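Report on the structure given below.
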Amino acid sequence: MAKLFRAVILGPPGSGKGTISERIAQSFGLLHLSSGDFLRENIAANTEAGVLAKTYIDRGVLVPDHVMTRLLLPRLEQMTSHSWLLDGFPRTLAQAQALNSSCDVDVVISLNIPYETLKERLTHRWVHPASGRVYNMGFNPPRVQGRDDNTGEPLIQYDDDKADALVARLRYYKDVAKPVIDLYKAKGILHSVSGTETDRMWPYISSLLNTRIQPQNTIPVSVPAP
Ligand code: G5P
Ligand code: MG
């Protein structure tokens, strides 16, 4: 059996973690695990963790480490036969240390995007809440304005993409990300990619992963039930 591959993608809100993770999942067959999507699923299902997380997300601040690790690590530990890509976790040094003690990560990709670009992107982002499909009114607009391409259902804007929460999210990210980046740099697995356009950053990311994993045609993957 091929060796399992574990990757992490780091980057500020709006840096394209979700967009790039989807491309990686399609091209390399990794399971895309988004911490933001886990939280939103929990909020939608009104779980205890979801109700608690919402109070933080709405203020544009991070959900406490113990809530995140309790939600995420058991899911990862179940995935003994899947290669995966973690998007949005770890966000803090404590989360990175918890992940370290639970499993080995092969590659960490860190996205560096200028502040003005992030602001511009996020205020134009709309999502289909049921599927998590993300649109941008300039970069990848839906075929019909305000409607999801696949289902035709209405698109929404997250509360934390609105102006006030957004400034707080970007400022907060910078402070907590530095020790995480330093940790992965010290482990020799960090790959930083800078740019203002996902399409121009993608060839670098794709060739980096090509050297590490066998590309595959899209393979259907299913996430084990929690
Ligand atoms: P999330 O959901 O993890 P964030 O804040 O990390 O949210 P976000 O907002 O999901 O990050 P992203 O995934 O990095 O951004 O970016 P994206 O969605 O792919 O792209 C952003 C927009 O830009 C989209 O509209 C996309 O189409 C467009 N775009 C992409 N590329 C380009 C391009 O080249 N050009 C243009 N013009 N547009 C482009 O977390 C949400 C909250 O949950 C909590 C926190 O409160 C967080 O704020 N949380 C955690 N808290 C604690 N610990 C954790 N580990 C947590 N994880 C989540
Ligand atoms: Mg995202």
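Numbers at a glance
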quantity	calculated
Candidate set from segment 114-137 (those that are in a helix (DSSP H, G or I) and touching a residue at least 60 places away in the same chain (Cβ under 8 Å)); member that is nearest to ligand 1 (Cβ to nearest atom)	Arg121
Residue list for segment 39-49, filter: crowded, with 19+ Cβ neighbours inside 10 Å and either touching a strand residue (DSSP E or B) at 6+ places or on another chain (Cβ under 6 Å) or not aliphatic (A, V, I, L, M) (or both)	Arg40, Asn42
Arg91 under 24 Å from Leu170 (Cα atoms), basic (Lys, Arg) and under 18 Å from the mean Cα position of the chain (by Cα)	yes
Odd one out for Val176, checked against (1) among the β-branched types (Val, Ile, Thr); (2) closer than 21 Å to Thr19 by Cβ; (3) within 10 Å of ligand 1 (Cβ to nearest atom)	(2)
Failed item in (1) more than 23 Å from Pro90 (Cα to Cα); (2) at pLDDT 90 or above; (3) over 20 Å from the mean Cα position of the chain (by Cα); (4) loosely packed, with under 15 Cβ neighbours inside 10 Å, with Gly138 passing the rest	(2)
Residue satisfying condition, being closer than 25 Å to Ser206 by Cβ, surrounded by 21 or more Cβ atoms within 10 Å (Cβ to Cβ) and small (Gly, Ala, Ser), within set Gly18, Gly29, Gly36	Gly18
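The values are calculated or read from the model by the stated rules, or taken from the named source; none is laboratory data. Just so we're clear, the structure is a prediction, and the values are computed from it rather than from any experiment. Don't worry about glycine lacking a Cβ; one is built from the backbone with ideal geometry, like all the others, and counts go over all protein chains shown.
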